[in-house]
Amino acid sequence: MSETMVRPLEPGPSASQAASAEPQTFYVNVGDLRFCVETRGDPAGQPVVFIMGLGAQMTLWPEALLEQYVQEGFRVIRFDNRDIGLSSHLKDRLQGHPVAVMAKSRMGMNIAAPYTLRDMAGDVCGVMDALGLASAHLVGVSMGGMITQLVAATWPERVRSATLIMTSTNSPRLPMPKPSLVVRLAGIGKKGSDEETVVERSMEFWKLIQSPGFPSREEELRERITFNYRRSYHPAGILRQTRAILATGSLSSTTRLIRQPVAVIHGKADPLVRPAAAKQLGYLLPHARVELMDGMGHDLPEPLLARFAEISFETIQRAN
């Protein structure tokens, strides 16, 4: 079995043709990379770009959350980040053992990587350019929240507001994830790339990070993981994205430059990106609204989606 398994997308409409109320999925080119993009909602509505996290395809955004934005009249845009899903997969090989590289990162040492989060921030602007968007509201989760910070600080004219969900400044001074998760992030554990093994491995991981106050039903969790495995399985991309995070280093000095309206949403029970990360964001961005959620871990639980949307809408309103 090859490392990359992708179900190809049929050629879709152009970016201009794709702006319609019903979800439309298509490709756009940004430099040498191709991105799989979906748009939905009012073509004339304010654009909101959703940026996913580490190793996560755009399909991890809950439909119920996206539809709330559609109902409010927004143009909703999501896409697969580079090296994941149906967007371009790179081929660069990584040097160094993951554990050793993580240790170097914690010590603030330089890390070699094929690309960094700054390159991925450029991808966001490239996708926006392809869609003819001068600016947009951004919603970023986890790694996507780090990318959002970089776009907002580096290209402030492109970002109207930022909603940051369960993310951080990537500072080595922040608390580490729980030890059981560090082991998983280092690639230690069950091996195998067949569907059964990958699904079981992913199930175990998600159960470790999901919201203890709002646990997913096992059947729904398995169905979601299986769907995404069949859509695209690309573990090398996850490793390169992880390396990109480590190589980027702390965003603190960049994050404090953000002046647009910002909301920070974080779970009090997040075992991966600890709640201290949200508090640090609040310190660096005194104008930001910081909401710490009881019972929330490192996922997007359905019972909290309406609250997420409400906070985001209020943040967007501050930008208008």
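The values are calculated or read from the model by the stated rules, or taken from the named source; none is laboratory data. Keep in mind the model is a prediction, meaning the values are calculated, not measured. Note that we place each Cβ from the backbone using ideal geometry, even for glycine, and neighbour counts take in every protein chain shown. Surface accessibility is based on the protein's heavy atoms, side chains included, excluding ligands, DNA and RNA. Shrake-Rupley method; radii C 1.70, N 1.55, O 1.52, S 1.80 Å.
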Check your understanding: Just to be sure, is residue 242 at pLDDT below 95, farther than 12 Å from residue 165 by Cβ and among the hydroxyl-bearing types (Ser, Thr, Tyr)?
Key -> yes
Review point. If you scan the range 113-138, which residues turn out to be over 30 Å from residue 311 (Cα atoms) and either over 22 Å from the mean Cα position of the chain (by Cα) or of a type in the set (Lys, Arg) (or both)?
Key: none
Practice item. For the range 149-170, enumerate the residues that are crowded, with 24+ Cβ neighbours inside 10 Å, outside any helix (DSSP H, G or I) and among the hydrophobic types (A, V, I, L, M, F, W, C). Key: 159, 162, 164, 165, 166
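Could you tell me whether any residue of the range 70-90 is at pLDDT 95 or above, in a helix (DSSP H, G or I) and in contact with a Gly (Cβ under 9 Å, 6 or more places away or on another chain)? I'd like the intermediate steps shown before the answer.
To start, the set of residues in the range 70-90 that are at pLDDT 95 or above comprises 70-90.
Still in the list and also in a helix (DSSP H, G or I): 70-71.
Adding the requirement that they be in contact with a Gly (Cβ under 9 Å, 6 or more places away or on another chain) leaves 70-71.
Among the residues of the range 70-90, at least one is at pLDDT 95 or above, in a helix (DSSP H, G or I) and in contact with a Gly (Cβ under 9 Å, 6 or more places away or on another chain), which makes the answer yes.
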Check your understanding: Within the bounds of the range 67-82, is there any residue that is within 29 Å of residue 159 (Cα to Cα), touching a Cys at 6+ places or on another chain (Cβ under 9 Å) and open to solvent by less than 10 Å² (accessible area, probe 1.4 Å)?
Key -> yes
Review point. Do we find that residue 142 is among the small types (Gly, Ala, Ser), crowded, with 24+ Cβ neighbours inside 10 Å and under 23 Å from residue 263 (Cβ atoms) in this structure?
Key: yes
Revision key, fill the gap. Checked the range 276-320 for anything closer than 26 Å to residue 175 by Cα, open to solvent by 30 Å² or more (accessible area, probe 1.4 Å) and free of Cβ contacts under 8 Å to residues at least 24 places away in the same chain; matches are 279, 283, 286
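Okay, residues lined up against (1) assigned to a helix (DSSP H, G or I); (2) at positive phi:
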position	(1), (2)
104	yes, no
108	no, yes
111	no, no
114	no, no
132	no, yes
137	no, no
147	yes, no
Study note, to complete from the structure: Note: among 236, 247, 263, just one is open to solvent by less than 30 Å² (accessible area, probe 1.4 Å), in contact (Cβ under 8 Å) with a residue 60 or more places away in the chain and within 16 Å of the chain's Cα centre (by Cα), namely 263
Check your understanding: List, please: which pairs have Cβ atoms under 6 Å, are six or more places apart or on different chains, and start with a residue in the range 116-134 that is in contact (Cβ under 8 Å) with a residue 40 or more places away in the chain and end with one that is in a helix (DSSP H, G or I) and open to solvent by 10 Å² or more (accessible area, probe 1.4 Å)?
Key -> 116/247; 116/248; 117/146; 117/248; 130/15; 131/15
